[in-house]
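Asks: I am attaching a structure below and will ask some questions about it afterwards.
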Amino acid sequence: MALLQRSIQVGWQLRVFFTEDVFAPANPLLREVLADAVPRRVLVVLEDSLAQAQPQLEEAVTAYFRHHAGPVELTRSPLFVSGGERAKNSPTIINDLLSHLHRHQIDRHSYLVAIGGGALLDVAGFAAATAHRGVRLVRIPTTTLSQADSGVGVKNGLNAFGQKNFVGVFAPPFAVINDFNLLATLAPRERRAGFVEAVKVACIRDAAFFAEIEAAADKLCAFDPAAVKRLIQRCAELHLDHIATGGDPFETGSARPLDFGHWAAHKLEMLSRCRITHGEAVAIGIALDVIYSRKLGWLNAASAERILSLIERLGFTLFAGELLNDDSCNHFHILDGLDEFRIHLGGQLTVTLLRGIGRGEETHDLEPDLILAAVEELRARAEKR
């Protein structure tokens with residue numbers, strides 16, 4: 001037998017910028033991110049609901065590139081694309097995006113600039129990663145959830161076969177630009193969505209940050225600018241730290257600590273046909289795993305209550321009727337989320353639970369009866385509120 005073997009190392013710079021008024025002509029950040037010695041072609045995709053909420057945005061984008069013409073060339077006016085989780089279920093949207101990348105000659109040294117929430121960034125990221133085996137992607141997230149979490153990661157996914165993110169690629173963006181002012185028109189439901197991801201990462205990595213969120217809960221609910229900016233930046237930083245230093249940025253193993261609470265959340269989204277948003281599903285998933293951790297004897301009752309109470313203070317409900325969906329054999333569909341999570345990770349089931357606030361620990365076995373007991377506790381808690 002003959003063998004040829006080489007070690008291949010690839011370095012990535014994952015950059016997340018924080019600014020305000022990114023499309024103000026006097027703000028040079030986007031031009032500096034995109035431009036170098038060679039003029040670059042740019043295709044901009046803009047989430048349609050954001051364009052409706054901020055009707056001046058389309059012209060602001062066009063005017064910005066007109067002002068900075070030369071180093072960068074806008075190939076056409078911003079392309080409107082549907083967002084929300086349903087966009088990840090639509091083969092038509094991804095095909096249309098690929099068609100525009102082809103039509104406007106966006107090559108591997110050109111840019112796709114995606115402006116929108118996490119689902120739109122997922123779809124655009126998948127298109128960018130697969131066209132020409134990878135064109136440069138700049139994400140401009142426009143929700144608290146995408147600015148704090150999904151928009152700053154290295155994953156791009158589409159839903160298929162009733163499973164969340166069944167199709168996808170690992171492809172770090174060329175850059176991420178967070179503009180707080182783009183959050184101005186979010187509805188309250190969307191504003192708080194990113195808060196729960198901050199609670200998640202604080203629970204598994206940073207007890208001090210958890211206490212900080214507790215102290216700022218009232219300001220966060222009022223969408224106080226300083227409090228929200230601080231939450232987004234610290235949450236993004238903790239996510240980047242894990243991706244960069246966790247030892248497995250492309251998830252070749254079976255551990256995924258940043259998905260604490262997500263095994264149930266992903267299933268809930270699918271069971272509800274996206275009636276339950278990602279943030280709302282994660283809130284319920286975290287609550288489920290917090291109670292499970294307490295019932296297992298890993299997490300003390302006081303810490304569990306602190307977490308549940310904080311999630312409720314931030315405006316989330318901890319129970320959904322879909323948790324009780326079952327079949328004729330009394331099999332609860334939420335339990336299927338465990339096997340789907342295992343298959344998605346590959347190999348052994350690995351779920352992060354809590355030993356304390358700021359102390360996540362992995363386990364490879366969850367007991368169905370204990371999960372259902374946690375579900376029942378959440379149902380009873382909801383009925384008392």
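No lab work stands behind these numbers, since they all come straight from the coordinates. Since the model is a prediction, treat every value here as computed from it, not as a measurement. Here Cβ is always computed from backbone atoms with ideal geometry, including for glycine, and neighbour counts include all displayed protein chains.
Asks: Tell me which trypsin sites (Lys or Arg not before Pro) from the range 3-58 have a DSSP coil assignment and no more than 13 other beta carbons within 10 Å of their own. Write out the running numbers ahead of the final one.
Replies: Numbers: sites: ARG6, ARG15, ARG31, ARG40, ARG41; in loops: ARG6, ARG15.
Those satisfying the criteria are ARG6.
Asks: Which residues in the range 46-86 place their backbone N less than 17 Å from a point set 7 Å from the Cα of ARG31 along the Cα-to-Cβ direction?
Replies: Correct set: 60-75.
Asks: Shifting gears a bit: In what sequence do TRP298, TRP12 fall when counting other Cβ within 10 Å, fewest first? Mind showing how you got there, number by number?
Replies: Details: TRP298 17, TRP12 12.
In increasing order of surrounding Cβ atoms, one gets TRP12, TRP298.
Asks: For VAL38 and ASN300, what is the calculated FRET efficiency with R₀ set at 35 Å and r taken between the beta-carbons, to the nearest 0.05? Display every interim value, and only then the final one.
Replies: Working: r = 59 Å, r/R0 = 1.68.
Approximately 0.05, to the nearest 0.05.
Asks: What fraction of the DSSP beta bridges in the chain is antiparallel, stated in percent and rounded to the nearest 5? Don't skip to the end; give the middle numbers.
Replies: Values: 11 of 35 bridges.
Around 30 percent of the beta bridges assigned by DSSP in the chain are antiparallel ones.
Asks: Shifting gears a bit: Using the beta-carbon distance between ASP241 and ASN181 and R0 = 30 Å, what value does 1/(1 + (r/R0)^6) give for FRET efficiency, to the nearest 0.05?
Replies: Details: r = 26 Å, r/R0 = 0.87.
Calculated transfer efficiency: 0.70.
Asks: Quick check on the chain: helices-only [θ] at 222 nm, where DSSP H runs of length 4 and up contribute -39,500 (n - 2.57) each and the sum goes over total residues. Nearest 500, please.
Replies: Values: 16 runs with 174 residues, N = 385.
Estimated from H runs of four or more residues: -13500 deg cm²/dmol.
Asks: Pull out a ≥ b ≥ c, the square roots of the eigenvalues of the alpha-carbon gyration tensor of the chain, then state rounded if a/c is under 1.5, prolate if not and a/b is larger than b/c, and oblate in the remaining case.
Replies: On the way: a/c = 1.81, a/b = 1.49, b/c = 1.21.
Cα axes put the chain in the prolate bin.
Asks: May I pose another question? Is the range 129-282 rounded, prolate or oblate when judged by the Cα gyration tensor, a ≥ b ≥ c being the square roots of its eigenvalues, rounded requiring a/c under 1.5 and prolate requiring a/b larger than b/c?
Replies: On the way: a/c = 1.41, a/b = 1.34, b/c = 1.05.
Rounded.
Asks: While we're here: Based on Cβ point charges of +1 for Lys and Arg and -1 for Asp and Glu, what charge dipole magnitude is obtained for the chain about its Cα centre, in debye rounded to the nearest 20?
Replies: Taking the Cα centre of the chain as origin, the dipole is about 740 debye.
Asks: Once label points are set 7 Å from the Cα along Cα→Cβ at both PHE80 and ASN325, what is their separation, rounded to one decimal in nm?
Replies: My value for the distance between the label points is 3.1 nm.
Asks: Another question about this same structure. Can you tell me how much longer the chain between GLN56 and SER90 gets when fully stretched, taken as 0.36 nm per residue apart minus their C-alpha distance, in nm with one decimal? Walk me through the numbers before you get to the answer.
Replies: Values: separation 34, 0.36 × 34 = 12.24 nm, distance 2.77 nm.
Gain on extension, GLN56 to SER90, equals 9.5 nm.
Asks: Next up: Rounded, prolate or oblate: which fits the range 191-316 when a ≥ b ≥ c are the square roots of the eigenvalues of the alpha-carbon gyration tensor, with rounded for a/c under 1.5 and prolate only if a/b beats b/c? Let's see the in-between values first.
Replies: Values: a/c = 1.24, a/b = 1.12, b/c = 1.11.
Verdict is rounded for the range 191-316.
Asks: With unit charges on the beta carbon (Lys/Arg positive, Asp/Glu negative), name the residue among LEU345, ALA87, ALA51 whose Cα is farthest towards the positive pole of the charge dipole of the chain.
Replies: Positive-most Cα among the choices belongs to ALA51.
Asks: Related question: Under 20 Å Cα to Cα from LYS88, which lysines show up? Leave out anything in the same chain fewer than 8 places away.
Replies: LYS88 reaches LYS155, LYS164, LYS267.
Asks: Taking every DSSP beta bridge that has both residues in the range 69-211, what percent is antiparallel when rounded to the nearest 5?
Replies: Taking every DSSP beta bridge with both residues in the range 69-211, the antiparallel ones total about 35 percent.
Asks: How many angstrom separate the Cα center of the range 62-132 from the Cα center of the range 179-236?
Replies: 28 Å
Asks: Counting other C-beta atoms within 10 Å, and keeping those with at most 15, which DSSP coil chymotrypsin sites (Phe, Trp or Tyr not before Pro) do you find in the range 137-217? Don't skip to the answer; put the middle values down first.
Replies: Numbers: sites: PHE161, PHE166, PHE170, PHE174, PHE180, PHE195, PHE209, PHE210; in loops: PHE161, PHE174.
Filter output for the range 137-217: PHE161.
Asks: To the nearest 10 degrees, how steeply does helix 193-205 sit against the main Cα axis of the chain, on a 0 to 90 scale?
Replies: Value to nearest ten degrees: 60.
Asks: Here's another thing I want to ask about it. Between ARG275 and PHE166, how high is the FRET efficiency from 1/(1 + (r/R0)^6) when r is the Cβ-Cβ distance and R₀ = 22 Å? Nearest 0.05.
Replies: Values: r = 20 Å, r/R0 = 0.90.
With a Förster radius of 22 Å, E is 0.65.
Asks: Please state the charge dipole magnitude for the range 188-384, taken about the Cα centre, from unit charges on C-beta atoms (+1 on K and R, -1 on D and E), reported in debye and rounded to the nearest 20. Intermediate values should be presented prior to the final figure.
Replies: Details: 23 positive and 31 negative charges, 148 e Å.
It works out to roughly 720 debye.
Asks: What is the spin-label model distance, in nm, from GLN105 to GLU383 if the labels are put 7 Å beyond Cα along the C-beta direction?
Replies: 6.7 nm
Asks: Label-point separation (nm) for CYS221 and SER7, each offset 7 Å from Cα along Cα-to-Cβ?
Replies: If labels sit at CYS221 and SER7, their model points lie 5.3 nm apart.
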